[in-house]
Amino acid sequence: MTGTYGNSRRRILIIKLGAFGDFFLAQTAFSAIRRHHAADHLSLLTLPSLAPLARLSGLFDEVLEDPRGRSLGAYGRVRRLLRAGRFDRVYDLQAQPRTDRYFWLFAPGPWPEWSGTAWGASHRDQYAGRRKVPVIERYTRQLAPFGIVPDGIPDLSWLDADTGRFGIAAPYALLIPGSSPGRPDKRWPVERYGELAVALAVRGITPVVLGTAIEADLARAITTACPEAVDLTNRTSVPEIAGLARRAWATVGNDTGPTHLIAAVGCPTLGLYCDASVPIHANGPRMVIHHRPGFVEMGVAGVLAAVDALPPNR
């Protein structure tokens, strides 16, 4: 096959800027595109914070970092990056107004084939209610015209780490009480996480709280309610989170990035969702969504029963 710029090996770009959880929800799409373009040069344009993970995955021949600035200078840098890539086809999986504008950064041409929501794209993926469709289904629809079919389950075999330094004996359960800072409405009340931790500890299952530094107060509330709980907030790398997940009895977490990562690894995961998380985005062979319209209606007994019903870990 001859590319737009006369090369036998086509140059393909995926755009996926974030956020953290979205990166893992996109794994099946990344893998499917890689298979489809096995003989081609595949690049990813993503956030600087996600670039190390993208490189670690081994799926991409090149990982480009988006400066994410709003100034004309920042857009100028993106324009130079895109045009220097001499891409034959672009899969815009971000598909938001910002990346729609990236399509027009190729003016005055030539333009690559473009799959996304940008007006004027060769393969425009725009339909009524698109933003209300769960993200996995959106990717499946977007890639279908090219004969690309994402797997049902992501392959994160590349992501693991030795977690022995934490000294946590099995069985243990991971708790993810946080959410992105701007979405506290996605958080099951921390007091109930504390009650859940107590119930797990009574069974001999060690509760382990994960999160970043901004979740330290949440972890402190849980460990105060349940002294047996272990606080690992701001102490784990992404590969270590995956390593802990592979060996955990189960995970309970809100609709947030670490929960999606842990579910994608294959850990039995109960995602706690209220209507703030519609449409429901989930991806993992042992993930179950526990949904109530509002968190006031979601009690600890029901959550614990749902955890007991999760498919067991390997």
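The table for this structure:
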| quantity | calculated |
| --- | --- |
| Among N234, N283, N254: highest mean-square fluctuation, GNM of the chain, C-alpha pairs under 10 Å | N234 |
| Ranked packing of 302-313, 41-52, most packed first, by mean Cβ within 10 Å | 41-52, 302-313 |
| Label-to-label distance, nm, for residues given as A84 and R183 (7 Å Cα→Cβ offset) | 3.4 nm |
| Surface accessible to a 1.4 Å probe, E297 within the full protein complex, Å² | 100 Å² |
| Mean Cβ neighbour count within 10 Å, used as a protection proxy, ranking 205-214, 267-276 highest first | 267-276, 205-214 |
| Convex hull projection area averaged over all views, the stretch 203-314, Cα basis, nm² | 7.0 nm² |
| Residue of G85, G253, G194 that the Gaussian network model of the chain assigns the largest fluctuation, springs spanning Cα pairs under 10 Å | G85 |
| Percent of Cα pairs exceeding the 14 Å cut-off, where the set is the stretch 1-80 | 64 percent |
| Correct choice for Kirkwood radius over Cα pairs in Å that was computed from the model, options [x] 21.2; [y] 24.8; [z] 20.7 | [z] |
| Estimated inter-spin distance, A38 and F166, nm [label 7 Å along Cα→Cβ] | 3.6 nm |
| Fully extended contour minus Cα-Cα distance, from R77 to D155, at 0.36 nm per residue | 24.8 nm |
| Low-density loop cleavage sites - trypsin sites (Lys or Arg not before Pro) in the stretch 200-290, where at most 15 other Cβ are within 10 Å (DSSP) | R203, R235 |
| Interchain or long-range residues, amide H under 5 Å from T251's placed H | L174, T269, L270 |
| Accessible surface, the stretch 1-154, averaged per residue in Å² (probe 1.4 Å) | 45 Å² |
| Most mobile listed residue (S237, S115, S31) in the chain, GNM with C-alpha springs under 10 Å | S237 |
| Where labels lie 7 Å past Cα in the beta-carbon direction, separation of L56 and R220 in nm | 2.9 nm |
| Förster-model FRET efficiency, 25 Å R0, F106 and R141, C-beta, rounded to 0.05 | 0.55 |
| Of all accessible heavy-atom area on the stretch 220-314, the percent that carbon and sulfur account for (1.4 Å) | 55 percent |
| Viscosity 0.692 mPa s, temperature 37 °C, Stokes-Einstein D of the stretch 114-266 from Kirkwood C-alpha radius, µm²/s | 188 µm²/s |
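The values are calculated or read from the model by the stated rules, or taken from the named source; none is laboratory data. Bear in mind the structure is a predicted one, so any value in this text is a computation, not a measurement. Neighbour counts run over all protein chains shown; Cβ positions are idealised from the backbone, glycine included. Side chains are part of the model used for accessible areas, which takes the heavy atoms of the whole protein and leaves out ligands, DNA and RNA. Shrake-Rupley method; radii C 1.70, N 1.55, O 1.52, S 1.80 Å.
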